[in-house]
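The values are calculated or read from the model by the stated rules, or taken from the named source; none is laboratory data. On a predicted model such as this, the values are computed, not experimentally measured, just so you know. Here the Cβ positions follow ideal geometry from the backbone for every residue, glycine too, while neighbour counts run over all protein chains shown.
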Amino acid sequence: MLELGGEALVLTHDAMAEGVHFLPGQDQADIAWKLVSSNLSDLAAKGTDPLGVLLGYQFGADDARFLAGLEEVLAHYGVPLLGGDTIGATGAQVLGLTALGRATHRPVPSRSGAQAGDTVWITGPVGAAMLGFEALRDGTGADSLAFRRPRALLAEGEALAPAVTAMMDISDGLLLDASRMARASGISFAIDSTAVPIAVPEHRRAEALRWGEDYQLLFTLPAGAEPPVTAFRVGQAIPSAAAPILLDGQPQREDSGLGYEHR
């Protein structure tokens, strides 16, 4: 975040790699959509109004499809392409995007502001991206839209910004990202697994809490406060305990498969 007079400029940069964030041979239009949406989701978690994006693009086998998807997603969000760079390279495709936005509320929400006594919330179900990935990977013909074309919750983030004590988007898994927020805030979160809305069959609940890429917003509110958007209460912030996350009362270690680790 950069302070510019009375304004705060929020910047974020995310990269995506073939075989990690998208499948080899996947439609390039979908890849463009996901690249933009994942970056704008970071801005949503800051309650930010997007101003534009800068693209780092590696020429590939279907540049026309990528351009078509890029035009579509930028039009969907009403965000301009401000510039960037292109390269020619061999090997797995790697793409990068920088998104810039104007903070709509001060102080800008962070992941470090939660306090003991706060309530923990999520804006919607998790697990849809996991099912979408499996459908696309296995060629079943089932709905894969949640994985291919996630949505950044910009309006929700802007509405929540004045109310929350902490907020971030869920990209690496609810439990792992909640653990990061709790650790940054110097407290612990007691999460009720059955209170988390899921988009998968019940027997896959544990996977859905760890899979990621649903880009829901995770946030905390002061005790007794109600969110200004549709959301689901999933836990309570408590004084620092045996671990940053207590799932159904059991401490959870971050190195025990809470979500996707970037290594």
Subset of region 1-26, residues acidic (D, E) and crowded, with 18+ Cβ neighbours inside 10 Å, comes to D14, E18
Considering region 231-244, residues that are at pLDDT below 95 and out of contact with any Lys or Arg (no Cβ under 7 Å at 6 or more places or on another chain), and then whichever is nearest to S112 (Cα to Cα), we arrive at S240
Of the residues in region 34-70 that are of a type in the set (D, E, K, R) and over 23 Å from T104 (Cα atoms), the one that is nearest to the chain's Cα centre (by Cα) is K34
The residue that is nearest to L160 (Cα to Cα), considering only those in region 22-59 that are at pLDDT below 95, part of a strand (DSSP E or B) and not hydrophobic (A, V, I, L, M, F, W, C), is G56
| message | Going by what's in this entry, would F189 be described as touching a Phe, Trp or Tyr at 6+ places or on another chain (Cβ under 8 Å), modelled with pLDDT of 95 or more, surrounded by 24 or more Cβ atoms within 10 Å (Cβ to Cβ) and of a type in the set (F, W, Y)? | response | no
Among the residues of region 71-88, the number that are more than 19 Å from the chain's Cα centre (by Cα) and either part of a helix (DSSP H, G or I) or buried (at least 20 other Cβ atoms within 10 Å of the Cβ) (or both) is 3
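Rundown of residues vs (1) surrounded by 19 or more Cβ atoms within 10 Å (Cβ to Cβ); (2) assigned to a loop (DSSP other than H, G, I, E, B), yes/no style:
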{"site": "E158", "(1), (2)": "yes, no"}
{"site": "M168", "(1), (2)": "yes, no"}
{"site": "S171", "(1), (2)": "yes, yes"}
{"site": "L176", "(1), (2)": "yes, no"}
{"site": "R183", "(1), (2)": "no, no"}
{"site": "R205", "(1), (2)": "no, no"}
{"site": "D214", "(1), (2)": "yes, yes"}
{"site": "P228", "(1), (2)": "no, yes"}
{"site": "R233", "(1), (2)": "no, no"}
Exception for D62 within (1) out of contact with any His (no Cβ under 9 Å at 6 or more places or on another chain); (2) modelled with pLDDT of 95 or more falls at (2)
Output for Cβ contacts, cut-off 8 Å, separation at least six or different chains, first residue on the phi > 0 side of the Ramachandran plot in region 204-219, second basic (K, R), reads Y215/R151
